[in-house]
Amino acid sequence: SKPLISHIPNNRSVCLSVCLSLSCLGVLPDIEQYFGINDGKSGLLQTVFICSYMVLAPVFGYLGDRYNRKVIMSVGIGFWSVVTLASSYMPREYFWLLLLTRGLVGVGEASYSTIAPTIIADLYIKERRTQMLSVFYFAIPVGSGLGYIVGSKVDDMAGDWHWALRVTPALGLVAVVLLLFVVKEPKRGAIEARPEHTLQRTSWLGDMKALCRNPSFVLSTFGFTAVAFVTGSLALWAPAFLFRAAVFTGERPPCIKGPCDTSDSLYFGIITVVSGILGVASGAEVSRRLRLRTPKADPLVCALGLLLSAPFLYLAIVFAQASPTATYVFIFLGETFLSMNWAIVADILLYVVVPTRRATAEAFQIVLSHLLGDAGSPYLIGLVSDSLKQTDSYLWQFRSLQLSLLTCTFVAVGGGAFFLATALFIEKDRQRASEPYTGQCPQSLPWGIGIFF
């Protein structure tokens, strides 16, 4: 196993560098002031990016099941680096160009997120795979948190938010070099009971039919959609919400002329890093221990994480104007429980789907979870906030956003329900994925989910 372990840090560096594209969200008040945009248009920064990422994911999923995966990821991340750098040079009269570059960033995101987990799946099996996926998925909260930290600190040091987007592309280029010269391309399913050469391939349509008739995959995808909805909303709006709360209570002056105060982005970034590490690690460990008692451990832990995150996120939103300290504590607890899902959801997909369909399954999960999740949630939150705003006072700038963010707590509860439903089918679907494969799609399920899709 020693040679295989060396691959993981390199995959992690890829995810970490791409997640740092969130540095632009760490300076959102500056961007709003620079371009003179409202909450609805601010939400488009995240929505356009996610929509592009979502549309391109099936393309990279198809390619990842058939061609050299590390080359595909390298090209995508290299393109991401160039576009991210270009986005820092957009003049204030052309906000639509910033939106365009944000959309093009989705190319890099789609290229690695659909493929990298399948490489790890071909290097490890069973409990070892869960551990390595946990290491990989540390990069999501850690990279996101560092995006806020780097963005806010670079903005403070340079006195210009544009530089927050000029630092991170270099990390993407480092990741490309590591991918090309260090990572080796493993054979699909090589260390499993059924390696790639023993599996029959089906058409893309056949793959999709099989996936849609896999209840564990579909239900866990809907559960993960709730995670995407909440994390997408928090990623864009949490620092801005905390800043508006401080302005409303008089603790901080409003942002009339840049650079704006980015301390909330810094604190939120630190919370995201720490809570992400604790959440991913604790989720994997709780799941490992619970597997000794029940084979339904993975979806039950995912459900527990979402159901526990909901009340803490609610308290964080409600207490924002009363106690900043309590708000940060509740955000930390809510994000910790929310992060318990990342590695486990990926592991569920990998053991209920045969090796030759995994990249396609990753792509399908990305499309559905982002289509109904964080592709629209930032824009939806901003749109609801604008509609609730009765005046343009500091009171209503804060209050309208506070009320719209409460939506996240109810979505989290719904996601927990989907994972509880996943637990009903997980044993049967895992067994089916490990049985000899004939190339035929499974029969339609009595509950009709295959017909629905």
Pairs with Cβ under 6 Å, 6+ apart, first in segment 240-260 and assigned to a loop (DSSP other than H, G, I, E, B) and open to solvent by less than 20 Å² (accessible area, probe 1.4 Å), second of a type in the set (D, E, K, R) and modelled with pLDDT under 80: Cys260/Asp30
Residues within segment 345-362 that are over 20 Å from Pro299 (Cα atoms) and crowded, with 23+ Cβ neighbours inside 10 Å, tallied: 4
Residue match in segment 185-206 (condition: buried (at least 18 other Cβ atoms within 10 Å of the Cβ), over 30 Å from Leu420 (Cα atoms) and at pLDDT 80 or above): no
Verdict on Glu109 being of a type in the set (Asp, Glu) and either touching a Gly at 6+ places or on another chain (Cβ under 6 Å) or buried (at least 22 other Cβ atoms within 10 Å of the Cβ) (or both): yes
Matching residues, segment 286-312, being in a helix (DSSP H, G or I) and open to solvent by 10 Å² or more (accessible area, probe 1.4 Å): Val286, Arg288, Arg289, Leu290, Leu300, Leu304, Leu307, Leu308, Pro311, Phe312
Scan of segment 135-184 for residues that are open to solvent by less than 10 Å² (accessible area, probe 1.4 Å) and of a type in the set (Ser, Thr, Tyr), ordered by number: Tyr148, Ser152, Thr168
Segment 113-126: number of residues that are within 22 Å of Ser81 (Cβ to Cβ) and open to solvent by 10 Å² or more (accessible area, probe 1.4 Å): 1
Per-region count, segment 337-395, residues assigned to a loop (DSSP other than H, G, I, E, B) and over 24 Å from Val55 (Cα atoms): 5
Output for segment 313-344, where each listed residue is hydrophobic (A, V, I, L, M, F, W, C), in contact with a Gly (Cβ under 8 Å, 6 or more places away or on another chain), open to solvent by less than 20 Å² (accessible area, probe 1.4 Å) and in contact (Cβ under 8 Å) with a residue 60 or more places away in the chain: Leu313, Leu338, Met340, Ala343, Ile344
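Yes or no, residue by residue, for (1) within 29 Å of Thr336 (Cβ to Cβ); (2) touching a residue at least 12 places away in the same chain (Cβ under 8 Å); (3) not in a helix (DSSP H, G or I):
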| site | (1), (2), (3) |
| --- | --- |
| Tyr89 | no, yes, yes |
| Leu97 | no, no, no |
| Gly106 | yes, yes, no |
| Gly143 | yes, yes, no |
| Asp156 | yes, yes, no |
Close pairs from segment 42-64: first assigned to a helix (DSSP H, G or I), partner among the basic types (Lys, Arg), Cβ under 7 Å, at least 6 apart: Leu45/Arg102; Val48/Arg102; Phe49/Arg102
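The values are calculated or read from the model by the stated rules, or taken from the named source; none is laboratory data. The model shown is predicted, which means the values in this text are computed figures rather than measured ones. Here Cβ is always computed from backbone atoms with ideal geometry, including for glycine, and neighbour counts include all displayed protein chains. Just the protein is used for accessible areas: all its heavy atoms, side chains included, with ligands, DNA and RNA removed. Shrake-Rupley method; radii C 1.70, N 1.55, O 1.52, S 1.80 Å.
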